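In what follows, a structure is listed as structure tokens, so that the remarks can point back to it.
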Amino acid sequence: MRMILLLGGAVAAVAVVAVLVLMASGAVWGDVARWAVAEQRAFQNEMALAVHGLRAGAPGAWFALLAAAGGYGFVHALGPGHGKFLIGGVGLGTAVPAVRLAAVALLSSLAQAVWAIILVYGGFFLLEVTAHQLTGLAERYLAPASYLAISAVGALLVVRAMQAFSRQFRASGHKGHGHAHHGACGCGGHGPSAHDLERVTSLRDTTTLILSIAVRPCTGALFLLVIAWQMDIALAGAAAVMVMGTGTAAMTGLVAVSSVFARGAARAASDSLGVIAVAAPSLQLVSGLAILWFAMALLRYGTP
Amino acid sequence: MTHRYGIAALIGLASLAAAPQVQAHPHVFVDTSIAFVMEEPGALQALDITWRFDPMESLYILAAQGITPSVEGTLDAEARAKLSESYADWHPAFNGFARLSLGGAQVDLSAPRDVEADLVDGQLWIRFSRALPAPTSLHSQANAEVAVYEDTYFYAVTVGEQPTITGAGGDCAATLTPFDPDTQELVIIQTTLFELGREETPDIEGVGALFADRITLTCG
């Protein structure tokens, strides 16, 4: 019984803090978003300038294009619609190591870039589609596909957290009958959920993570590729989009590393409080719900 | 001590989760200028409007229409004609980035006339004129106001130059009031967008109006 109370209390506390922070973070996030939009605009202008420079054979235009694309990718990843929140949620909610998650961030961004190149250049070269058809495809089909895949990852986290909770519930119930005086001992270091949490680090899960992010190409990359194709600087365009992906990966990688660090800290804290078995699946549950909610919001409102 | 990191983790997660509120942030930037065309003193006949797209969007619009500018970054007559034509026909629901009201009542402007297009310093310019249903004396009316915005805020539309009066300005004067992001209005906007995300209010239309630059024309 104490177990259930403790469990319910932990979930409620986590949920309340999350909601409070959600409400309070509006103003701060507004500032960050405004800064990101301004930076994005500046890098966009530099990219456009470099495209003109490349065509005119200006020295340094190649470098200028790549540098601006990298910067654009970095600040653009601050905006919604990218894998960052998914990566962050998985980092918080599962036992994935930081290096592995950072690699997922890099691979997914690069895969996203390659997919954009295949779509645009392949579409223009093989299928003779129009630019509007391409961006329409990305916005109407690929974006929702990505959000659905992301919600699936969120749902998976929620389901696993629930499984962990129910196993603890049964475990504590059993103890309650056999050794009543050990009622609170289920909270030792070896949380039954640990194995469960590790499961998300399997190859299959990693691939799902990467693909769910990569399937939806970044609009900025599509636009640059459409421009590069029309302006006969296809190679420079492809190179710039790869660098853009690396810039995005740098931002997502930061989120990956910090989320794993944050989870470690939360784990250490809950360990010292003796609630580790509850805290880990709680964090996973909240992460899963946040990912689900975010993906649903994106599905509902789309991404520009 | 360490549980502070746990709270920090939650703050991080929550602010990521809170991000849908910035969904409506702009992706295309359009700089506009507006001239009031006055037939006789105090009578408003039309608006002369110029759009200037940001350099990236300019390139994208050209590429999407299969237009390649010269190496010097200029357009030939054929390309200019093609662009002008493509901007002469709008969906009726599109406000043309500028909504005119007289004494608070919205006025439907004509379809764009005399459309011109050009590429200057890497930015695509579209110039056109939109007429009022009939020349309207502002002496007998309350002020004319032009709100410059795009409904969904996908386009951030701003007024880059002081408004002018073409023709018989008489005793009329145009005043520009740019959107001020540091006023109470920003709080309203953020709350609005936030609620759109959380409460699934279907009516996201017109959110861009909250970010509008406004021009007031007063006579007499």
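Here, each number is a calculation from the coordinates, and none is a lab measurement. As the structure is a computational prediction, the values presented were derived from the model and not from experiment. We place every Cβ from the backbone using ideal geometry, glycine too, and count neighbours over all the protein chains shown.
Each label was represented as a point 7 Å from its Cα along the Cα-to-Cβ direction; for A:R100 and A:R204 these points are 1.5 nm apart. Placing a label point 7 Å from the Cα of B:V107 along the Cα-to-Cβ direction, the residues of the range B:132-158 whose backbone N falls under 20 Å from that point are B:132-150. Listed from fewest to most Cβ neighbours within 10 Å, the set B:E150, B:E78 follows the order B:E78, B:E150. Footprinting exposure proxy ranking of A:I213, B:I126, fewest other C-beta atoms within 10 angstrom first, gives B:I126, A:I213. With the simple model of a label 7 Å out from the Cα in the direction of the Cβ, B:F154 to B:V71 spans 3.6 nm.
Distance between the 7 Å Cα→Cβ label points at B:T175 and B:D121: 2.9 nm. Of the residues A:F124, B:F97, A:F63, the one with the fewest other Cβ atoms within 10 Å heads the list, and the complete ranking is A:F63, A:F124, B:F97.
In peptide A:216-223, what is the residue-averaged number of other protein chain Cβ atoms found within 10 Å of each Cβ?
Mean inter-chain Cβ contacts per residue within 10 Å come to 1.
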